[in-house]
Amino acid sequence: MVDLWFQLPPLVQGLLKGLAVIGVIFPIAGLCSMAERKVAAWVQDRPGPNRAIVPWVAWVPLLGRFLQRLGLFHVLADGGKMLFKEDSLPGHVNKFYFVLAPILAMIPALTTVTTVPFGAYLDGAGALVPLGLGPLDLGILAVFAVSSLGVYSLVLAGWASNSKYPFLGSVRASAQLISYELSMALSVLPVFLWINAPGREGTLSLARAVEFQSGSWQGGLTPGWGGAWFGFLMPLSAFIFLVALFAETNRTPFDTIESESDLVGSFHTEYGAFKWGLFFVAEYAHMVVGSGVFILLFGGGWNPLPWVPLADLVGWLHHLTGAAWAVAPLFVGALSIVIFLTKVLLMIFFFMMIRWTVPRFRYDQVMKLGWQKLLPLAIANLIFYAVAIAWIQP
Amino acid sequence: MITATLDHYLLLSAALFALGFLGVLLRRNALVIFMSLELMLVASTLALVAFSRFNRTLDGNVFVFFILTVAAAEVAVGLAIIVALFRQRHTLQVDELNALKH
Amino acid sequence: MSPALFTLFAALTLASAVGVVANKNVVNAAMCFLLGLVGVAGLFVQLDAYLLAFLLLLVYAGAVVVLFLFIVMLLGPQGRAAWRLTPGAVVGGLVAGALLLAGWGSLLVHGRLDPPPPDGAPGVGAALKPYAYQLFTTYLLPVQVMGFLLLVAMLGVIVLSRKADGTEKAP
Amino acid sequence: MAAITVARKPLTFAERTYLPQILGGLRTTLRHLVRRKQTLEYPEERPAIPPGYRGVPTLVRDPHGREKCVSCQLCEFVCPPKAIRITPGAVPADSGRDHIEKAPQAFTIDMLRCIYCGFCQEVCPEEAIFLQNQFSLSGYSRAELVHDKARLYELGGTLPDAHYKWDRKLAAATAPGRAH
C-alpha cells in the first residue's frame, strides 16, 4: 500500500493529501462548534444539546445512546439547517463584497494548513520525517503571511454590510488584528534564534522547531537539552504567543470584534444561513491551525510528553511488543498525528474554558494591552533571549 | 508560449510603474494617489528581484528588504498625514486642498 | 519558471494595477491593489525569491492594505468626481506615456529578448543565511539607518495623530 | 444626601497581570465542569409543582360530580384581561337542583388573554374555579386555546370538599318547621 502511494504522480498525491487534510480540518471545525456548546453547557451546570438522533446509528445499543447524549448528531442538524435555510441577501449591502467576505474567510483558514506539519513517520534509516502538505522551509513566515490575510474577510464583511454595528466591528478588526500580529511575530523569534544557532543552516521551518523538541537535535546550541519543550524553555514567549493567538483568533477576552453585547455580533450581523456558517467554520479552522502552530512551537509538536520524544515511545513499543508494526511508517505516522491532534484538541478545550472564565476586555483595554503591555514585553523578551543565546552558545 | 526573460519582467515592471504614475497624476483622491505611489514602489521591487535573479546575485533581493521597510514607514506616516489633513479640512480631494493658493 | 504561470501572474498584476488606477470606489481600488500584490508575490516565487514573496504578503497585504482600508472606513467614502484632468496632469501623463513607450521600444529593439534563462543562483530563494550575511555585513549601515527611519516614522505618527490640543492619545 | 466617595484599593502587581485571577477563575469553571447538572430534561422529567401553584384556570365539580358554578359572573367581572365569558342559564327543573337559580350555559376562558392572576379563584363564592397545576398549554390554532366549558371541566376534574352548600340549603328549605 505504501509502495502504491509512492507510485502515484506527485500532483495526485498532493491533491489526495490536501483533500485528506481538509477532510480532517472541516469535521474538526464542525465538531468544535459542538464542543463549544457542550463545554459551555457543562461549565454552566447544564447537560447541553443531547436530543438529535440519526436513525439506525442511534439504535446501536450503547454507543448510539452515548453519541446522542454527547450531542454529536446536532452537528449534522446544524449543518443541514445552515445549508437549507433561506440565504437572504439584505437590500442595502454591497452585494459583491458581501458574498466575497465569507469566502475570503475560508481561504486563509484552509491555506495555512498547507504550511503546518502535523506528524512524522520513520523512514528506512529510522529517522523521523515530518509529514505536511507543503514542505516549506519558510514555515512560520508563511503561516503569518497567509493568516494575516484573514483580516480582509472581517473588514470587507463589515464594510459591505453597510450598517453601523458591522462597520464598527470591521474598524475594530482592522486595528486589533494588526496590533497583535506584531507581538505574535516578536514572541516567536526567540524560538528561531535558538534553533538557528551558529553552525546550522538557517531555517524558519516549524518541523525543525519540533525536531529540537524531539531531542534528535545534532550539534548547535545546547545539545543536552533535547526533548525539552520550548514552552518550558521560554515560558514568556509562549505566554505572549498565546495571548496574541487569542486576539488573532478573535476569542473571548479579546472578541471585541464580534462582541455580541455591544455590537450585536458585529461583522456577521447581516449574515445568515450558509454565509454565516462559513464565518463560523473559518473561526474554528483558525483556532485549529493557531493551536497547531502553538503546539508545534511551544508544546512539543507530536512528542507525547516533555523529555519523552516520539522516537522513544515508538522504541519502547517495539521493545515491549517486539512486533514489526510498531516501527512501520504507517503506524508511527498515525500515532504522531493522533498525538498531535489530541494536543490541539486540548488547546481548543483550553480556549473554550477561557471563554467561560474571563470576561471580555473593553476595546480600549484591548488596544492598550496590545501596544503598551504586550509589545514592550515581547521586545524585552526577544532582547533577553538574544543576549542569553549569545551568552550560552559554545 | 513565451519563455519569461529578464526583458519580460522589466516590461511588466515598467508598465506597473507607468500605471502607478498615471494614478498619481490623474486621480483626485489622496488615498488612491497614495496607493498608486505604493504601486510604483512594488514595480521597482519587481525589477530589482528580476535583475537579482537573472544576474545571480543577492543584492537586488536585499534592496527589496529596504524598500519594504521604507514602504511600511511611508504608509504609516502618509496615512497619519492624510488623517490629520482630513481632520482639518474634511476632504480627501487633493485639488480642494489649496489653502496656500488663495 | 513556467511561462504559463508567468503569463497568468503578469496578467493578474497588470489588470489589478489598472483596477487601482481606474476604480472610482476607494475600497475597490484597495482590493485591486491587494490582488495585484498577490500577483507580484506569485512573480517573486517565479523568480525564486520565496522569502520576499512571503514578506511582501506579510508587510503589504497583511498590514499596508489593511491600513488603507482602515483609513477608508475611518474617513468615509467620498462621492465626488474621481479624475483630475488639469492641463498639467494631461501633459505630464502624455509625456510620461511617451517616455514609457520609448523605453519599451528601446527594450524591444535593443534588448536581448531571449537570453538563456539561467538556473537558480546559489543562495537565492528560501535560504535565509545568505540574506542574513548580506544584511549584517555589506548592508549593515543601511540596516541601522532603516531601524532609525522606523523609529522616526513611529514618533512622527504618534505626533501626527495627536489632536492639536493634545488631549487625545495616539491610537 | 451627600455622596460618599470610597477610594478604590489600588491593584497589586499580581492583580494587574490578571493571571492569578484567571487561574482562580479557571479553577471555578473546571469545578463546575464536573458538577452535577442542575437542569431537568423536561418532557421526560417533570418539575415538582409546589403547593399553591397557579396554573391554568379550570372549573371543578364537587365530590358527587355535580357542577359547582352558579354563574354569578363575579369572576367575569373581576378578570383583569377580560378573558372569561359566561352565559348564564337556568338549571333544568327536573334535575333535583332547581333550587339553585342559575348554572352556566356556556363558560369560556380565553387562554390567550388569561394572565394567571388567580383573581377568579379568589373571588368565587362557590369555590368552583381553581388555578391548578397544569402549566404547559399549547395548541395549533387560536380557537383551540379558547377553553369552553367541557374543556374546563376536563382539565379541572373533581376536588374534594365537604361543604355541600346547596344540599344543605335544600335540606334547610325543605325541613319541617323551618321557615325563612
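Read-outs: derived from the displayed coordinates by stated rules, not from any lab. Remember, it's a predicted structure, so these values are computed and weren't measured experimentally. Here Cβ is always computed from backbone atoms with ideal geometry, including for glycine, and neighbour counts include all displayed protein chains.
Observations, loosely collected:
- Three-way shape label, region A:247-394, alpha-carbon gyration tensor, a/c 1.5: oblate
- A simple spin-label model places the labels of A:A228 and A:A386 2.2 nm from each other, with each point 7 Å out along Cα-to-Cβ.
- GNM result for chain A, Cα springs below 10 Å: residue of A:L375, A:L297, A:L89 fluctuating most strongly: A:L89
- Farthest towards the positive end of the charge dipole of chain A, among the residues A:V39, A:M184, A:I348, is the Cα of A:V39, using unit charges on the Cβ of Lys, Arg, Asp and Glu.
- Å³ per residue enclosed by the Cα convex hull of region D:57-162: 102 Å³
- Dipole magnitude of region A:91-392, debye to nearest 20 (Cβ charges: Lys/Arg +1, Asp/Glu -1, about Cα centre): 440 debye
- Helix D:19-33 and the longest principal axis of the C-alpha atoms of chain D enclose an angle of approximately 40°.
- The protein assembly as shown - share of DSSP beta bridges that are antiparallel (%, nearest 5): 95 percent
- Normalised contact order of region B:6-96, rounded percent, pairs of Cα under 8 Å and 6 or more residues apart: 30 percent
- With both labels modelled 7 Å from their Cα along Cα-to-Cβ, the D:Q21 to D:E127 distance reads 5.9 nm.
- Ordering C:Q134, D:T174, A:W325 by Cα displacement along the dipole of the protein assembly as shown toward the positive end leaves D:T174 in first place; charges were set at the Cβ atoms of Lys, Arg (+1) and Asp, Glu (-1).
- Counting neighbouring beta carbons within 10 Å and listing from fewest to most, the residues A:K81, D:K9 come out as D:K9, A:K81.
- Annotation for region A:97-123 versus region A:233-271: alpha-carbon center distance of 19 Å.
- Candidates D:I86, D:I129, D:I100: whichever shows maximal mean-square fluctuation once chain D is modelled as a Gaussian network with Cα springs under 10 Å: D:I100
- Theoretical FRET efficiency, 1/(1+(r/R0)^6), r = Cβ-Cβ of A:Q372 and D:L40, R0 56 Å, to 0.05: 0.70
- Residue exposure sequence - A:V191, C:V152 - by fewest surrounding Cβ within 10 Å: C:V152, A:V191
- C-alpha long axis of helix B:30-54 to longest principal axis of chain B, angle in °: 10 degrees
- Extension gain, A:L320 to A:L236: 0.36 nm times the residue separation minus the Cα-Cα distance gives 26.4 nm.
- For chain D, the longest principal axis of the C-alpha atoms and the axis of helix D:165-174 are separated by about 20°.
- Estimated translational diffusion coefficient (Stokes-Einstein, Kirkwood radius over Cα pairs, 25 °C, 0.890 mPa s) of the protein assembly as shown: 75 µm² per second.
- Under 5 Å between amide hydrogens, built in the peptide plane, is the criterion, and for D:T58 it picks out D:F130, D:L131, D:Q132 among residues at least 5 positions away or on other chains.
- Residues of region A:346-366 falling in the label zone of A:D262, defined by backbone nitrogen less than 13 Å from a point 7 Å along Cα to beta-carbon, are A:360-366.
- Relative contact order (%) - chain A, alpha-carbon pairs under 8 angstrom, separation at least six: 21 percent
- Ratio of Rg to Rh for chain D: 1.31 [Cα atoms; Kirkwood radius as inverse mean 1/r over pairs].
- For region A:334-394 versus region C:24-54, the gap between their alpha-carbon centres in whole angstrom: 30 Å
- Over region A:62-119, the ratio between the Cα radius of gyration and 2.2 N^0.38 Å evaluates to 1.72.
- Here the simple spin-label model places points 7 Å from the Cα toward Cβ, and for D:H163 and A:V57 these points are separated by 6.0 nm.
- Extreme residue, positive dipole direction of the protein assembly as shown, given options B:L92, A:Q365, A:L204 (C-beta unit charges): A:Q365
- Most mobile of D:A103, D:A83, D:A162 in a GNM of chain D (Cα contacts under 10 Å): D:A162
- Efficiency of FRET between D:K82 and A:L19 - r from beta-carbon atoms, R0 56 angstrom, step 0.05: 0.25
- Förster radius 56 Å - calculated FRET efficiency between D:A150 and A:H92 (Cβ-Cβ, nearest 0.05): 0.60
- Distance from the Cα centroid of region A:138-187 to that of region B:25-102 is 22 Å (rounded to whole angstrom).
- Helical segments meeting 20 Å axial Cα length and Kyte-Doolittle 1.6 threshold in chain A (DSSP H): A:95-111, A:329-355, A:375-392
- Cα gyration tensor category, rounded, prolate or oblate, for chain A with a/c compared to 1.5: oblate
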